[in-house]
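The values are calculated or read from the model by the stated rules, or taken from the named source; none is laboratory data. As the structure is a computational prediction, the values presented were derived from the model and not from experiment. No Cβ is skipped: glycine too gets one built from the backbone with ideal geometry, and neighbour counts run over all protein chains shown. Side chains are part of the model used for accessible areas, which takes the heavy atoms of the whole protein and leaves out ligands, DNA and RNA. Shrake-Rupley method; radii C 1.70, N 1.55, O 1.52, S 1.80 Å.
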Amino acid sequence: MNGKYEHMVDLSDFTPERWNKVVDLAIDIYHHPDIYAGACKNKILATLFYEPSTRTQMSFQTAMLRLGGSIIGFDNPQNSSVNKGENLTDTIRIVSGYADILAMRHPLEGAAKAAAMYADCPVINAGDGGHLHPTQTLTDLVTMKCEIGRLDNLVIGLCGDLLNGRTVHSLVKAMVAYPNNRFVLISTPELAMPSYIKDILDANNCPYTEVYSLEEAIPELDVLYMTRIQQERFASEEEYLSQKDVYVLDKAKIFKAKPTLKVMHPLPRIDEIEMDVDNDERAIYFKQAKYGVFARMALILTLLHSEPTYTLVKGQDTGYKCTNPRCISNQEHYLTHYNVVEGDIQVCEYCDHHQLI
Ligand code: NCD
């Protein structure tokens, strides 16, 4: 394993001071883009997208091009040697020999951690299954800082697919670091926030309530973070259809909100926000997508110029196999089963899945 580089697998691997610096750098780039226009001259970013994406992939590519660098990569692994059966880490070893930094999206949880273990350059997690999406969170932090002016003292409603939505998992992990934030988790019982994320809220004394009704929750919110029901992560069409359209933000609901509410969404929107909400000045999701370019410019610059500040692998080889079928370690069988042992629980190093010993 190569310890030469700093990666962005999980925002919480960085200290809050450090990720706040990235947010501040992103805001500086936003105000003074010309200063940074040549900052990555002769550097190459590889975008390896094993799962579809519009915003994340294109904002990474735009970020590198705006920094004066170049881009390579694929957005359909079927057009690469993956189609011939090449394993993840061989692909990563090869591409990290060509590029200076990688951004990878993968459908399996923990894939970014596995990639970082084998890469010969920094790796950025651009979404690993339903697990984490740290660069969306950096985007969200930049958006809130610019549009609200603060990251603390907020009542934040997260609505929709809280079980499978990786963006909300990463967002909670970051927002617990700021004082006096409170969460309202709005979902059906089937798509409730995973307990490992609720444990993080508890461990940080961050208050939260779990509710069903968006209509009842909306009046007290400072931020409403809508999410799509993640169709691709459901076992059957019936299960998906039973959850689809439970939450739809429309003009009648937003009428009940504070005038200062900010409606965010990582996008793509399917039908959880009606299009006539777009013209309400409280709807900031299109601005949010633009801030993503500056957040990724700041992150690329930071990782290209830093020494490792944290240990990538915190667990040990305990021999226990992760029981999460969506974990990368159950697909790429050569990976060592690293676990962090917490009392009688072991936590998978790749996907954070908790299991009793
Ligand atoms: C999200 C993602 O891919 O996790 N989109 C994004 O990155 N902007 C949200 C989603 O797919 O629903």
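Helices (runs of 4 or more DSSP H) fully within the stretch 195-252 that include at least 1 residues being touching a strand residue (DSSP E or B) at 6+ places or on another chain (Cβ under 8 Å): 195-203, 214-217.
Taking every residue in the stretch 267-278 that is charged (D, E, K, R) and pairing it with any residue that is within 10 Å of the ligand (Cβ to nearest atom) and assigned to a loop (DSSP other than H, G, I, E, B), at least 6 positions away or on another chain, the pairs with Cβ-Cβ distances below 7 Å are ARG269/ARG228; GLU272/GLY160; GLU272/ARG228. Taken as a whole, the stretch 137-148 holds at least one residue that is under 20 Å from HIS7 (Cβ atoms), more than 11 Å from the ligand (Cβ to nearest atom) and touching a strand residue (DSSP E or B) at 6+ places or on another chain (Cβ under 9 Å).
Residues in the stretch 187-217 that are among the aliphatic types (A, V, I, L, M) and either within 29 Å of VAL22 (Cβ to Cβ) or within 16 Å of the chain's Cα centre (by Cα) (or both): MET193, ILE197, ILE200, LEU201, ALA203. Looking only at the stretch 34-43, decide whether some residue is touching a strand residue (DSSP E or B) at 6+ places or on another chain (Cβ under 9 Å), more than 26 Å from MET117 (Cβ to Cβ), of a type in the set (A, V, I, L, M, F, W, C) and without any contact (Cβ under 8 Å) to a residue 24 or more places away in the chain. The answer is no; no qualifying residue exists.
Criterion first (closer than 26 Å to ILE156 by Cβ and open to solvent by 20 Å² or more (accessible area, probe 1.4 Å)) does MET264 satisfy it?
Values: closer than 26 Å to ILE156 by Cβ: yes; open to solvent by 20 Å² or more (accessible area, probe 1.4 Å): no.
The answer is no for MET264.
Does GLU307 meet the test of being open to solvent by 80 Å² or more (accessible area, probe 1.4 Å), in a loop (DSSP other than H, G, I, E, B) and over 24 Å from SER12 (Cβ atoms)? Against the criterion (open to solvent by 80 Å² or more (accessible area, probe 1.4 Å), in a loop (DSSP other than H, G, I, E, B) and over 24 Å from SER12 (Cβ atoms)), GLU307 does not qualify. The residue of the stretch 158-180 that is nearest to THR227 (Cα to Cα), among those that are away from the ligand (no atom under 16 Å from the Cβ), surrounded by fewer than 24 Cβ atoms within 10 Å (Cβ to Cβ) and not aromatic (Phe, Trp, Tyr), is VAL176.
You will find that of LYS244, LYS258, the residue that is open to solvent by less than 70 Å² (accessible area, probe 1.4 Å), away from the ligand (no atom under 16 Å from the Cβ) and among the charged types (D, E, K, R) is LYS258 and no other. Considering ASP280, ASP271, ASP276, the condition of being more than 30 Å from GLY38 (Cα to Cα), within 16 Å of the ligand (Cβ to nearest atom) and open to solvent by less than 80 Å² (accessible area, probe 1.4 Å) is satisfied by ASP271 alone. Helices (runs of 4 or more DSSP H) fully within the stretch 1-107 that include at least 2 residues being of a type in the set (Lys, Arg) and open to solvent by less than 30 Å² (accessible area, probe 1.4 Å): none found.
GLU232 falls short on exactly one of the conditions (1) over 22 Å from PRO325 (Cβ atoms); (2) modelled with pLDDT under 95, and that condition is (1).
One residue is enough: does the stretch 118-127 have a residue meeting the conditions in a helix (DSSP H, G or I), out of contact with any Phe, Trp or Tyr (no Cβ under 8 Å at 6 or more places or on another chain) and more than 11 Å from the ligand (Cβ to nearest atom)? Spell out how you get there, then give the answer.
So the first thing to find is which residues in the stretch 118-127 are in a helix (DSSP H, G or I), and the list is 118.
Next, only the ones that are out of contact with any Phe, Trp or Tyr (no Cβ under 8 Å at 6 or more places or on another chain) stay: 118.
When the remaining residues are screened for being more than 11 Å from the ligand (Cβ to nearest atom), the result is 118.
Taking every residue of the stretch 118-127 in turn, at least one turns out to be in a helix (DSSP H, G or I), out of contact with any Phe, Trp or Tyr (no Cβ under 8 Å at 6 or more places or on another chain) and more than 11 Å from the ligand (Cβ to nearest atom).
Taking first residues from the stretch 238-251 that are hydroxyl-bearing (Ser, Thr, Tyr) and partners that are part of a helix (DSSP H, G or I), the Cβ contacts under 7 Å between residues at least 6 apart in sequence or on separate chains come to TYR240/GLN231; TYR247/LEU214.
When ASP280, ASP276 are checked against the criterion of being among the charged types (D, E, K, R) and either within 26 Å of ASN153 (Cα to Cα) or assigned to a loop (DSSP other than H, G, I, E, B) (or both), a single residue qualifies: ASP280.
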